[in-house]
Amino acid sequence: MPLLNATQFASLHNEMMSAGGQPQYALFNDPTKLGKGTDWMGELFQYAPTQTYSANYSGGTQKSRYYVSGTYYDQQGIIKTTDYKRFTLQFNSDVELYKWLKLGHNLSLNHDIKSQGEYNIQNTMKALPTQAIKNEDGSWAGPVGLAMYVGDIANPIGKMMENTSTTKGYNLLGNIYAEIKPWEWLTFKSTFGIQALFWDSKSWTPKYDWEPIEQPESQASRQYNKSFTWLWDNLLTFNKTFNDKHAVTAMIGSSAQTNTYEFMSGSIQGFISDSAQELANGILEPTLTGNGSDWALLSFMGRINYTYDNRYLFTATMRADGSSRFSRANRWGVFPSLSLAWRMSEEEWFQKSFALSDLKIRAGYGVTGNQASVGNYAYASVLQTVQYNFNGNQVSGLAPWVMPNPNVRWEEVEQYNVGIDASMLDSRLLVTLDGYIKNTNDMLVPMSVPISSGYSDENVSQINAGLMRNVGVELALTSFNFRGGDFTWSTTANVSYNHNELISLNSDVPMYFDNNVHMVGYPISAFYGYVTDGIFQTQEEVDNHAIQTVGSDPTSSTQPGDIRFKDLNNDGVINDDDRTVLGSPTPSWTFAMNNQLSYKGFDLEIFFQGVAGNKIYNGNRAVLEAMSVAQNQMTTVLDRWRGPGTSNTMPRAVFGDPNKNNRVSDRFLEDGSYLRLKNISLGYTLPSRLTKKAAMQQVRLSVSAQNLFTLTRYTGLDPEVSGSGNDNNVYPVTRNFTFGLNITF
């Protein structure tokens, strides 16, 4: 991000303090003497290497096979002091004991180590370029003096280097299976699998006396976690064709899954020596906490596929799922689906041609269930230990933590779709076109809980209170541009359009959160705030507009240079009633294209991906273009308002922001559309006549680049912002260059 240097910031600060009626900082009397100052971001980021080494070996006989692999992965982070290492060992095998019995297993062992210092990208951007990173004696520097002059950001580089944490994981994922096939048309497969995850983390914060707030005592913390999941699947499959025209595939099955999770953590302060960082060496403020949870899911399912003469296709499925996350009365959900297809090109009257050689029409309906967003015990009262005063004494007790919802049930997603599959131009062009209507019924949304109820209004249960609709069209194309001979080239592309709308909630009262709102008639998680209307250039414009901040004192009221907000309800006052829906964080369009080319031993792949029609709230700009407190700003503020006609987009710099120029508004809402070259890779496979001389089966060299460039109007670090579309200090996507060597013996 382009940030102000020391000279530019000091000049801005002088202007800000004068406009706010505050005395200027003496050390900023001559900003030109300060030069460029400290580049905090340059000290935070680095170029980071990633390396992967993998060795695989496979073998066996006609009736038994095995596969063994080992991988080492080492990734340095683009933020200094961050790195990730992973060691993986995998062993798979299967054996055919009899013609009707096959046994096998898959086993993966994984150990990873994640280390990092305490970092905060936004705080690093806000740190003043007029402040040094270290003092003359080599200690970490900090802002000394009044916060209105020197800010209050503790040294972000010092924190990154001194406050450390490490997480180590030990993971096992494996399954065994038996496959019984008494006849060619009947197969039974039973699979039992486990996933055992163990991870522990430790962190260390040494004591220090940096400005503005000291850390009087060193602190160590530890946390130990374990998660154990087992899964048992059983599938019976019937597959047979009658009279060469009637093909039937039927399946019935069951799936049982359960998970248990526990954690324990503790911390302590007061270490005599920083070299003795174990919990037993601390003497002050010990803490201990722990918790556990479990869940289970039991499912029964059935499916039948019927095809007549490769022309008429029918599929029906039914599954019933029971989840422990719901009460007994609402535990089970039943979810059916049905699809029909007609392959017109197989009819006798269909004239196949160069232009159109295959055509299939499809229609379908289905319901799926969602329980992922429901807490494990949402239907019951979850208790917590609390402290309260009774007759002057501190007493412990149990109290409900969140309001229970015994009526919470499965969220159901109901979808209708129609589609066409076509093969054109002598099968060089494959086209798939789908249209759909997707209704999310009984949508799970946060419960509205008044504080007067005695329950938390932040930690709340989910309630089945909404109906959301998505209507869209999807188009997928596959083109074989050149095929045969030494040169081949194929292209796959897809584009989709989706319209999202919240149809109903449990009441007419919108649900506000972050900078967003759930409101009937608008997309889910829509942005909500004020609408800007330029900048006041003269006092006359201020006087003739709706009241924004009352007063005549230029240091504490609306003045020329402030943002003008629209009076949407025409009541002469700018207040909360003038807020409105500003846009949606959900893209209307998503698209991607992949090209694969090969010529003799060379192969080239180029993959583009992008979205359009969504907005992003640039929360970093809300801080770095505020010009109201002692924090560094982006260079965009160099075009700020300094007099009539100087700017109609960037307001004045004024300490305290009396007009609330930085309130949530469309000022910080940006177009989130982008087109990104996600991957480009070039490989070369050596001729076999050369590799065989070295007793090698194949040798391939490759070079690739990920996220090479992005075309976007978004001014933040990365337009791929997930969730509610608020960009508040996201870890940016990295541009990676990869060189690879693959040898097969």
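Of the residues in region 557-574, at least one is out of contact with any Pro (no Cβ under 7 Å at 6 or more places or on another chain), over 18 Å from MET650 (Cβ atoms) and in contact (Cβ under 8 Å) with a residue 40 or more places away in the chain. Just one of the listed residues (ASN618, ASN661, ASN594) is open to solvent by less than 30 Å² (accessible area, probe 1.4 Å), of a type outside the set (Gly, Ala, Ser) and in contact with a Gly (Cβ under 8 Å, 6 or more places away or on another chain), namely ASN618. In contact (Cβ under 8 Å) with a residue 60 or more places away in the chain and within 30 Å of TYR497 (Cβ to Cβ) - does that describe any residue in region 653-665? Yes, region 653-665 contains a residue that is in contact (Cβ under 8 Å) with a residue 60 or more places away in the chain and within 30 Å of TYR497 (Cβ to Cβ). Considering only residues in region 440-477 that are among the small types (Gly, Ala, Ser) and not in a strand (DSSP E or B), the one that is surrounded by the most Cβ atoms within 10 Å (Cβ to Cβ) turns out to be SER461.
Has region 116-132 got at least one residue that is under 30 Å from GLN62 (Cβ atoms) and not acidic (Asp, Glu)?
The answer is no, given that none of the residues of region 116-132 is under 30 Å from GLN62 (Cβ atoms) and not acidic (Asp, Glu).
Pairing each residue of region 409-437 that is at positive phi with any residue that is part of a loop (DSSP other than H, G, I, E, B) and not hydroxyl-bearing (Ser, Thr, Tyr), provided the two are 6+ apart or on different chains, yields C-beta distances under 7 Å for LEU425/PHE354; LEU425/ALA355; ASP426/PHE354.
Looking at region 566-591, which of the residues that are in a strand (DSSP E or B) and open to solvent by less than 70 Å² (accessible area, probe 1.4 Å) is farthest from ALA526 (Cα to Cα)? Filtering region 566-591 for residues that are in a strand (DSSP E or B) and open to solvent by less than 70 Å² (accessible area, probe 1.4 Å), the one farthest from ALA526 (Cα to Cα) comes out as VAL573. Looking only at residues in region 217-262 that are surrounded by 15 or more Cβ atoms within 10 Å (Cβ to Cβ) and among the acidic types (Asp, Glu), the one that is farthest from ARG311 (Cα to Cα) is GLU217. Each residue in region 703-731 was checked for being open to solvent by less than 40 Å² (accessible area, probe 1.4 Å), outside any strand (DSSP E or B), in contact (Cβ under 8 Å) with a residue 24 or more places away in the chain and touching a Phe, Trp or Tyr at 6+ places or on another chain (Cβ under 9 Å), and 5 of them qualify.
Across region 143-196, which residue is farthest from ASN632 (Cα to Cα) among those that are among the hydrophobic types (A, V, I, L, M, F, W, C) and in a helix (DSSP H, G or I)? Looking at residues that are among the hydrophobic types (A, V, I, L, M, F, W, C) and in a helix (DSSP H, G or I), I get MET161.
If you go through region 249-284 and keep only what is over 12 Å from GLN219 (Cβ atoms), at pLDDT 95 or above and of a type outside the set (S, T, N, Q), you end up with ALA250, MET251, ILE252, GLY253, ALA256, TYR261, GLU262, PHE263, MET264.
Of the residues making up region 341-383, those that are of a type in the set (Gly, Ala, Ser), in a loop (DSSP other than H, G, I, E, B) and without any contact (Cβ under 8 Å) to a residue 60 or more places away in the chain number 4. Filtering region 384-409 to residues that are more than 13 Å from VAL460 (Cα to Cα), open to solvent by 80 Å² or more (accessible area, probe 1.4 Å) and either in a strand (DSSP E or B) or touching a helix residue (DSSP H, G or I) at 6+ places or on another chain (Cβ under 8 Å) (or both) leaves THR385, GLN387, TYR388, ASN389, PHE390, ASN393, GLN394, LEU398, ASN407, ARG409. Filtering region 91-112 to residues that are open to solvent by 60 Å² or more (accessible area, probe 1.4 Å), among the charged types (D, E, K, R) and under 35 Å from the mean Cα position of the chain (by Cα) leaves nothing. Of the residues screened, THR71 is not one that is in a strand (DSSP E or B), within 26 Å of LYS85 (Cβ to Cβ) and either open to solvent by 50 Å² or more (accessible area, probe 1.4 Å) or in contact with a helix residue (DSSP H, G or I) (Cβ under 9 Å, 6 or more places away or on another chain) (or both).
Select from region 624-639 the residues that are part of a loop (DSSP other than H, G, I, E, B) and either open to solvent by 20 Å² or more (accessible area, probe 1.4 Å) or closer than 21 Å to ASP553 by Cα (or both) and list them in ascending order. Of everything in region 624-639, those that are part of a loop (DSSP other than H, G, I, E, B) and either open to solvent by 20 Å² or more (accessible area, probe 1.4 Å) or closer than 21 Å to ASP553 by Cα (or both) turn out to be ALA626, MET627, SER628, VAL629, GLN631. If the condition is being hydroxyl-bearing (Ser, Thr, Tyr) and either buried (at least 18 other Cβ atoms within 10 Å of the Cβ) or touching a residue at least 60 places away in the same chain (Cβ under 8 Å) (or both), then region 140-169 contributes TYR149, THR164. Taking every residue in region 93-108 that is more than 20 Å from ALA196 (Cβ to Cβ) and pairing it with any residue that is open to solvent by 40 Å² or more (accessible area, probe 1.4 Å) and not in a strand (DSSP E or B), at least 6 positions away or on another chain, the pairs with Cβ-Cβ distances below 7 Å are VAL95/LYS63; GLU96/LYS63. Just one residue in the set PHE513, PHE480, PHE536 is in contact with a helix residue (DSSP H, G or I) (Cβ under 7 Å, 6 or more places away or on another chain) and either open to solvent by 60 Å² or more (accessible area, probe 1.4 Å) or more than 26 Å from VAL721 (Cα to Cα) (or both); that residue is PHE536. Restricted to region 524-533, and to residues there that are modelled with pLDDT of 95 or more and either open to solvent by less than 60 Å² (accessible area, probe 1.4 Å) or touching a Leu at 6+ places or on another chain (Cβ under 6 Å) (or both), the residue that is nearest to THR586 (Cα to Cα) is ALA526. Of all residues in region 24-40, exactly one satisfies the criterion of being of a type in the set (Ser, Thr, Tyr) and within 19 Å of ASN155 (Cβ to Cβ), namely THR38.
Just to be sure before I move on: is LYS240 in a strand (DSSP E or B), basic (Lys, Arg) and under 30 Å from GLY169 (Cβ atoms) in the structure I sent? Criteria not met by LYS240.
For ARG331, the requirement of being charged (D, E, K, R) and over 30 Å from GLN462 (Cβ atoms) is not met.
Please enumerate the residues belonging to region 597-615 that are open to solvent by less than 30 Å² (accessible area, probe 1.4 Å) and in a strand (DSSP E or B). Of everything in region 597-615, those that are open to solvent by less than 30 Å² (accessible area, probe 1.4 Å) and in a strand (DSSP E or B) turn out to be GLY610, VAL611, ALA612.
Which numbered condition trips up GLY419, out of (1) small (Gly, Ala, Ser); (2) in a strand (DSSP E or B); (3) open to solvent by 40 Å² or more (accessible area, probe 1.4 Å)? Of the numbered conditions (1) small (Gly, Ala, Ser); (2) in a strand (DSSP E or B); (3) open to solvent by 40 Å² or more (accessible area, probe 1.4 Å), the odd one out for GLY419 is (3). Selection of region 9-33 for residues being open to solvent by 60 Å² or more (accessible area, probe 1.4 Å) and either in contact with a His (Cβ under 6 Å, 6 or more places away or on another chain) or among the hydrophobic types (A, V, I, L, M, F, W, C) (or both) yields ALA26, LEU27.
From the residues in region 34-66 that are among the aromatic types (Phe, Trp, Tyr) and open to solvent by 80 Å² or more (accessible area, probe 1.4 Å), which one is nearest to LEU741 (Cα to Cα)? If we take residues in region 34-66 being among the aromatic types (Phe, Trp, Tyr) and open to solvent by 80 Å² or more (accessible area, probe 1.4 Å), then TYR53 is nearest to LEU741 (Cα to Cα).
The values are calculated or read from the model by the stated rules, or taken from the named source; none is laboratory data. Bear in mind the structure is a predicted one, so any value in this text is a computation, not a measurement. Virtual Cβ from ideal backbone geometry, glycine too; neighbours counted across all protein chains shown. The protein model used for the area step is the full one, side chains on, heavy atoms only, and it has no ligands, DNA or RNA in it. Shrake-Rupley method; radii C 1.70, N 1.55, O 1.52, S 1.80 Å.
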